[in-house]
Amino acid sequence: MEFDVFIVEDSQIALKRLKRIISGYDNLEIVGEEINGEKALSKIKEIKPDLLFLDIELGRISGFEIISELDFKPYIIFTTGHKEYAADAFDVDCVDYLLKPVTKDRMDKALKKLNRFVDVKVVDDNKSGNSNKITVKGSSSYKFLDKDKVLYIKSSKSLVFVYTEDKHYVYNSTLSELEKKITSDTFVRIHNRYIVNLNHIREFKKRNTVDYECILDDKENTTLNVGRVYLKDVKRKLGIDES
């Protein structure tokens, strides 16, 4: 499984060391980095990475405060020089707690835990024959998601993440392939990375003079950018006539 990774460290030295280790894994792609906690929070909210490597003591804002401010739930691996935060770290359901200096062997163990942590791994092709369901394959069972409970679908490299109100699942395919399987008046492609359930769009508005965004009706008010190439079709499906 591949992950978009954001690193938050308290110093450039620690950041460079962690980047060097992470770059040795083909399934980890670093999409952002920061040594300032407040700047990190802003960037993380915008990028929405799959996995955070997160220091705890970051000056004016802590790693725990960053997590509490997020409107989505990335996987968290803490990296810190302080043993005393371990209990608090696992209270926020982190994958692992790495003490500095982080080593390659310790990173290997953390990533093995990450693979076990993702309990529901793959959203399979719909085998049930019921067009209102998406089949979700877990390690020992199958679940059937009602399509009307799917908020949006996000692509990340070779994987697709299917988001509901309280969880997300992984579809081992491309966004375009999944788009073909759920083609209906309910879903619309709004971006090269996103498909959205029209029934869960609370607000559609301009971000600036030319760009638009969709705000969903989940408790986090998830906000997704609309790609310009998809704008005309999105407006059509939303019944917006600007003529």
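The values are calculated or read from the model by the stated rules, or taken from the named source; none is laboratory data. Predicted model only: the values in this text are computed from it and were never measured. Counting neighbours? That spans all protein chains shown, and the Cβs are built from the backbone with ideal geometry, glycine included.
What's the total number of residues in the range 6-30 that are under 18 Å from the mean Cα position of the chain (by Cα) and either modelled with pLDDT of 95 or more or aromatic (Phe, Trp, Tyr) (or both)?
Result for the range 6-30: 4.
Say whether the condition of being under 18 Å from residue 168 (Cβ atoms) and in contact (Cβ under 8 Å) with a residue 12 or more places away in the chain is met by at least one residue in the range 7-26.
no
Since residue 110 meets every condition but one in (1) at pLDDT below 90; (2) small (Gly, Ala, Ser); (3) not assigned by TED's automatic domain parsing to the domain that holds residue 168, which condition does it not meet?
So the condition that residue 110 fails would be (1).
How many residues are surrounded by fewer than 14 Cβ atoms within 10 Å (Cβ to Cβ), among the basic types (Lys, Arg) and farther than 25 Å from residue 226 by Cα if we restrict to the range 19-78?
2
Keeping to the range 219-234, report how many residues are assigned to a helix (DSSP H, G or I), charged (D, E, K, R) and touching a residue at least 12 places away in the same chain (Cβ under 8 Å).
2
What's the number of the condition residue 156 fails, among (1) closer than 15 Å to residue 48 by Cβ; (2) modelled with pLDDT of 85 or more?
Only one criterion in (1) closer than 15 Å to residue 48 by Cβ; (2) modelled with pLDDT of 85 or more is unmet by residue 156, namely (2).
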